[in-house]
Each structure stands twice: as C-alpha cells, then as structure tokens.
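A.B. asks: Could you have a look at this structure, given as structure tokens, before my questions?
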Amino acid sequence: MHNKKIMIPNSVGVLEAQISDSIEHFKLGLVLCHPHPQFGGTMTNNVTGKIFHHFSSLGYPCVRFNFRGVGASSGSYSNGVGERQDVKDVCNFFLKNKLQLEKIIIIGYSFGAAIGSSIVDEISEICGFVAISYPFTFIPDFITSSYSNKPKLFIMGDQDDFTSIASFKREYEKYPIPKNQEILEGINHFWNGKEELVIKKIEWWINLL
C-alpha cells in the first residue's frame, strides 16, 4: 500500500501529513492524532505510527498529521485550542479528497485522544472515536466536549503514568452509551512493544460498528 506525504491547508498555514492510498470500496476512514507536541509527540510516534501502517495495509483510508508547530506544520503550540481546529481541518480535507468516504473514526493517543475526541460532534461524518491512554488527570480541559452519544472505545494500561485506573473509571462512568473500555494489565502510558495489543482492540471494535 502506497502512502504519500501531503500538506493540508489550515488556519495558520499548512499541516504536514501522510495519507494512504486505499481500496475504493472502503467507506470508513481513520484520522490519527498524536501525543503532546511539547513532550516530543509527532505523527511518527510508536502507537499512532503502527496503527497507521497496519490499517493502511488492510486498505483503509488513513491520514496522520503533525499538529501545528510540529515538524513541517505551520504555527506553534496553542494549548489544545488551535489543535482542535487542526483535527477539524484534517477531517474536512480527508472527506473532500477521499470521495468514497462516508464515515470517519478519530483515533487519538494521549494528548491526541483528548483533542481528537473533543471534536467528534462537530462533523457529522465522524461516527465515533478511539481514545488510547486518555490523560484525564493531566489534560482535563476538553473532557466534557468528548461526551458524545457516538460510539467510543477507551483503551488503557493499568499501569498508566498519568491517569490511575480509579480515576479512569470515574471519568468513564460519565460518558453516555454506546461505549467500551479495554484495560490491559501490566502496561504503562507508552505501550512500547505492546502496540499490537492496541491494534487488535481497535480491529475488534471497528467490527462492532
């Protein structure tokens, strides 16, 4: 499967991105959101990178991108506010340029989970989100914006460095159904060497949609 680098127009210039060629009958696309820009997060992160390559290899239309100020993306870090606009710009570009698409899933990891999940009700074609290691106690600002009635999957390690499982469960209870949670034992926030477990959970969940 061929993946090409592109530049997506946004409100401060352009966003560096990579988009996959896809099998034309796939009508569901994936938008991947990376970890915190101020802590080394980029679209080539181990989690978002492996998810991108795996689902691209299956023929899914996928796009990953660098938030503003990361890599070749214009602008600078915007405390999550501008980054929310980045996700919306990427989704709208994706829908415009992949004409077979009918639905999008947002898949965010860490900071990307907080930002990506917060915009799902702002674009009708977004049919749900996957939040991997949502840092509830580290980035609380956007939690209520993610209380969507669309399907949602939360994937956590029970040794997460930023959100305890007790804190996660308290937050999870506030979300409306449909929702699913997967808590994996012995795994911290970073998933090093365990990315395949995340991929399997996402595959399982997509098949439920």
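A.B. asks: Here are the criteria: (1) over 18 Å from residue 88 (Cβ atoms); (2) assigned to a helix (DSSP H, G or I); (3) open to solvent by 50 Å² or more (accessible area, probe 1.4 Å); (4) hydroxyl-bearing (Ser, Thr, Tyr). Tell me which single one residue 145 does not satisfy.
C.D. replies: (1)
A.B. asks: Picking from 150, 103, 98, which residue would you name as being under 22 Å from residue 48 (Cβ atoms), charged (D, E, K, R) and over 16 Å from the mean Cα position of the chain (by Cα)? Step through it out loud before you land on a result.
C.D. replies: Numbers: 150 fails: over 16 Å from the mean Cα position of the chain (by Cα); 103 fails: over 16 Å from the mean Cα position of the chain (by Cα).
After ruling out the rest, the residue left standing is 98.
A.B. asks: Right, here's the next one. For residue 154, state whether it is in contact (Cβ under 8 Å) with a residue 60 or more places away in the chain and outside any helix (DSSP H, G or I). Break it down into steps so the answer makes sense when it comes.
C.D. replies: On the way: in contact (Cβ under 8 Å) with a residue 60 or more places away in the chain: no; outside any helix (DSSP H, G or I): yes.
So residue 154 fails the test.
A.B. asks: Only one residue in 100, 18, 85 is in contact with a helix residue (DSSP H, G or I) (Cβ under 9 Å, 6 or more places away or on another chain) and either in a loop (DSSP other than H, G, I, E, B) or at pLDDT 95 or above (or both), so which one is that? First the steps, then the outcome.
C.D. replies: On the way: 100 fails: in contact with a helix residue (DSSP H, G or I) (Cβ under 9 Å, 6 or more places away or on another chain); 85 fails: in contact with a helix residue (DSSP H, G or I) (Cβ under 9 Å, 6 or more places away or on another chain).
Of the residues listed, the single one that is in contact with a helix residue (DSSP H, G or I) (Cβ under 9 Å, 6 or more places away or on another chain) and either in a loop (DSSP other than H, G, I, E, B) or at pLDDT 95 or above (or both) is 18.
A.B. asks: When the range 25-42 is examined, which residues are found to be within 13 Å of the chain's Cα centre (by Cα) and either crowded, with 24+ Cβ neighbours inside 10 Å or part of a strand (DSSP E or B) (or both)?
C.D. replies: Once the filter is applied, which keeps residues that are within 13 Å of the chain's Cα centre (by Cα) and either crowded, with 24+ Cβ neighbours inside 10 Å or part of a strand (DSSP E or B) (or both), the range 25-42 yields 29, 30, 31, 32, 33, 34, 35.
A.B. asks: Among (1) open to solvent by less than 10 Å² (accessible area, probe 1.4 Å); (2) at pLDDT 95 or above; (3) in a loop (DSSP other than H, G, I, E, B); (4) of a type outside the set (Ser, Thr, Tyr), there is one condition residue 59 misses while meeting the rest; what is its number?
C.D. replies: (2)
A.B. asks: Of the conditions (1) open to solvent by 70 Å² or more (accessible area, probe 1.4 Å); (2) in contact with a helix residue (DSSP H, G or I) (Cβ under 8 Å, 6 or more places away or on another chain); (3) within 18 Å of residue 36 (Cα to Cα), residue 115 fails just one. Which one is it?
C.D. replies: (1)
The values are calculated or read from the model by the stated rules, or taken from the named source; none is laboratory data. Quantities reported herein were computed from a predicted structural model and do not represent experimental measurements. FYI the Cβ positions are ideal-geometry reconstructions off the backbone, even for glycines, and counts take in every protein chain you see. Only protein heavy atoms, including side chains, enter the accessible area calculation; ligands, DNA and RNA are left aside. Shrake-Rupley method; radii C 1.70, N 1.55, O 1.52, S 1.80 Å.
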